[in-house]
Every structure is written in structure tokens, then in C-alpha cells.
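Colleague: If you scroll down you'll find the structure; I have some questions about it.
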């Protein structure tokens, strides 16, 4: 029987197909799946535009998809990666994504973030932002 991390990995991997939409837009080179507080899974992928016009990380895209579809703001678990599962801190959310998660809900400090898929090592958002300014 699959575990939740495998479910999240498989759901996110469906969207991994780096695509040069045109000379301005590049997408799907980082993917993400998250589990909301209610247990639903939402996905997202990175989209980048020249000049920063539409730069969104996969994590924020998944968060926006969650909020749009369900109105939820709390995230239990999140996994993000490129072509291979996270390992040795590859796949950690960037600073903007960390901040966005906290602003959606301070309870997201308990969000589990996959650090190493093979060993199932996780870290919580509060470990990455121990003295968040909004508290």
C-alpha cells in the first residue's frame, strides 16, 4: 500500500514536462503536490516569464490551486522537485514560498516538507522560519 508521500510524488510527477511555451515563457520544470488540512491533494508547477512578469514557483501555484478550489489555507505536507524526487535539501521551498505558506496560515508552521524522499526525511516550516516576523 502506498504512503502519502508516494501519493504526493506520483501526483506531482504527472506535471513534470519542461516546456518552452515560447521565447518568453518556460513551464513545468519544477512540480509540487501538497496535502491540505482536509486531506485533499493539490498540485502545481513552476512558470517563469522573462522580466519576472509571471514567475510563480510550483509550491505557490499548488497553494493558489488549493485555495481557489477549496478555500483552505492550511497545508499538512508538501513535496516539490524537478526530474527526481527530493534528496539532501533539493526541493526545499524558496524564501518567497516559505513566507507565502506562513501568510496563508500561521498554522502552516507545522507543514511537513519532504527533504529526502528515499529516507522519508522531513522538516517542518517552523524549522526553516523559527522566528517568523508575523508571530
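Colleague: Taking the residues in region 40-59 that are within 15 Å of the chain's Cα centre (by Cα) and in a loop (DSSP other than H, G, I, E, B) as candidates, determine which candidate is farthest from residue 106 (Cα to Cα).
Modeller: Only one residue fits best here, namely 55.
Colleague: Is it the case, given these coordinates, that residue 76 is part of a strand (DSSP E or B), touching a strand residue (DSSP E or B) at 6+ places or on another chain (Cβ under 9 Å), modelled with pLDDT of 95 or more and more than 21 Å from residue 16 (Cβ to Cβ)?
Modeller: Spelling it out, residue 76 is indeed part of a strand (DSSP E or B), touching a strand residue (DSSP E or B) at 6+ places or on another chain (Cβ under 9 Å), modelled with pLDDT of 95 or more and more than 21 Å from residue 16 (Cβ to Cβ).
Colleague: Follow-up question, since we're still on this one. For the structure I just gave you, tell me whether residue 71 is modelled with pLDDT of 95 or more, surrounded by fewer than 17 Cβ atoms within 10 Å (Cβ to Cβ) and more than 15 Å from the chain's Cα centre (by Cα).
Modeller: Answer is yes for this residue.
Colleague: Is it the case that residue 81 is within 18 Å of residue 5 (Cβ to Cβ), at pLDDT 95 or above, crowded, with 16+ Cβ neighbours inside 10 Å and in contact with a strand residue (DSSP E or B) (Cβ under 9 Å, 6 or more places away or on another chain)?
Modeller: In short, yes.
Colleague: Scan region 72-90 and report the pairs whose first residue is under 12 Å from residue 101 (Cβ atoms) and whose second residue is surrounded by fewer than 21 Cβ atoms within 10 Å (Cβ to Cβ) and at pLDDT below 90, with Cβ atoms within less than 9 Å and a gap of 6+ or a chain change.
Modeller: Sorted first by the residue in region 72-90, then by its partner, the pairs are 80/92.
The values are calculated or read from the model by the stated rules, or taken from the named source; none is laboratory data. Treat the numbers as computed from the prediction; the structure is a model and nothing was measured. No Cβ is skipped: glycine too gets one built from the backbone with ideal geometry, and neighbour counts run over all protein chains shown.
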